[in-house]
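Please read the structure below before turning to the comments.
Bear in mind that the values in this text are calculations on the coordinates, not laboratory data. Worth saying up front: this structure is predicted, and the values here are computed from it rather than measured. In this analysis, Cβ positions are derived from the backbone assuming ideal geometry, glycine residues included, and neighbour counts consider all displayed protein chains.
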Ligand code: AVI
């Protein structure tokens, strides 16, 4: 279904009606597992999205500040590498905030934001279309982890996928490999990938970033239980669970969990789940990559790294890769 957003003629909206994985199914299945787990995509209800925006403002969570500075510093160089009149594609575009730091330098022929949340995508694309009236926006509402396709009538030009925010880190390694492979297929030979990926670093810096002093990341994590209580008739007592985030050095990832502070039983959707004291629900992994590790991962998916940039403290990596001929 195609429609043009009401107030902006430079924005078209394409709804591929993504199937939403049932929260109920994921929770009942995940809590019945020997190692209790709930996928991180369920963090993002309205309150969860607001809390995530607040995480981005926390001084300890260096990712957005450092990454944005890289775009400010290197936008002209990035634009020279990508070339004019490209088609810039952003899976999981959210608020379309970071791309705005590149658009004036890049002047793409079209921008294709993709998001699973139709309402959010409509709002952010319309706002972007007003700020950049010259930009042709073809918004696609889809689940990019299941299908990665471009709307019809997207102009010709080098296709470049843009993935900021280290979102790749939330995929396990085989999923990350798979995702990069699909991106290579979408952009084709000579097509590009501009991607921000968080780097491995001192454990204390990483753990501080996911345990901010204001407790916003803790609230974000615990909000999952609030969601279960509200949407699935759960009776989690939030005072009996605690946010836990640690760096698993062997796996190269930050892990987030919710720890049961006592032995207890909890009801969800009419089913009972028992927790031992100290038992955890695993809620998120955030993988970190040394530049050589990311470059090898991208290479296995068919990409050559043309250029990479980092900040003076080597916290974050930004990579521009192209698909090998
Ligand atoms: C969305 N994603 C890249 C964030 C991360 O760092 O893995 C999610 C996040 N979780 C806690 N803080 C931020």
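Rg and Dmax of the chain, based on Cα coordinates, read 20.3, 60 Å.
Taking other C-beta atoms within 10 angstrom as a stand-in for reagent exposure, 141, 246 fall in the order 246, 141, fewest first.
Each Cα pair under 8 Å and six or more residues apart adds its sequence gap; the mean of these over the residue count of the range 1-100 is a relative contact order of 10 percent. Eigenvalues of the alpha-carbon gyration tensor of the range 137-182, scaled by 5 and square-rooted, set the equivalent ellipsoid semi-axes at 22, 12, 11 angstrom, largest first.
The ranking of 57, 19 from fewest to most other beta carbons within 10 Å of each one's beta carbon is 19, 57. Segment residue 308..residue 105, full-extension length gain: 71.3 nm, with 0.36 nm per residue of separation and the alpha-carbon distance subtracted. Between residue 238 and residue 300, the FRET efficiency estimated from the beta carbon spacing at R0 = 45 angstrom works out to 0.60.
Between residue 24 and residue 276, full extension at 0.36 nm per residue minus the direct alpha carbon distance yields a gain of 88.5 nm. Comparing 262, 145, 208 in a Gaussian network model of the chain, where Cα atoms under 10 Å apart are tied by springs, the biggest mean-square fluctuation is seen for 262. Ordered by the count of other Cβ atoms within 10 Å of each Cβ, fewest first, 274, 260 give 274, 260.
What is the angle, in °, between the Cα long axis of helix 23-32 and the longest principal axis of the Cα atoms in the chain? Nearest 10 is fine, range 0 to 90. Roughly 50 degrees, rounded to the nearest 10. When the Gaussian network model of the chain links Cα atoms closer than 10 Å, the mean-square fluctuations of 40, 113, 174 top out at 174. Remark: spin-label model distance residue 77-residue 324 equals 2.5 nm, labels positioned 7 Å along the Cα→Cβ axis. Note on the chain: with a GNM built from Cα contacts shorter than 10 Å, the maximum mean-square fluctuation among 90, 60, 277 falls on 277. So if I take the centroid of the Cα atoms in the range 237-276 and the same for the range 91-122, what is the distance between those two points in Å? Computed from Cα coordinates, the inter-centre distance equals 35 Å. In the chain, the longest principal axis of the Cα atoms and the axis of helix 173-187 are about 20 degrees apart.
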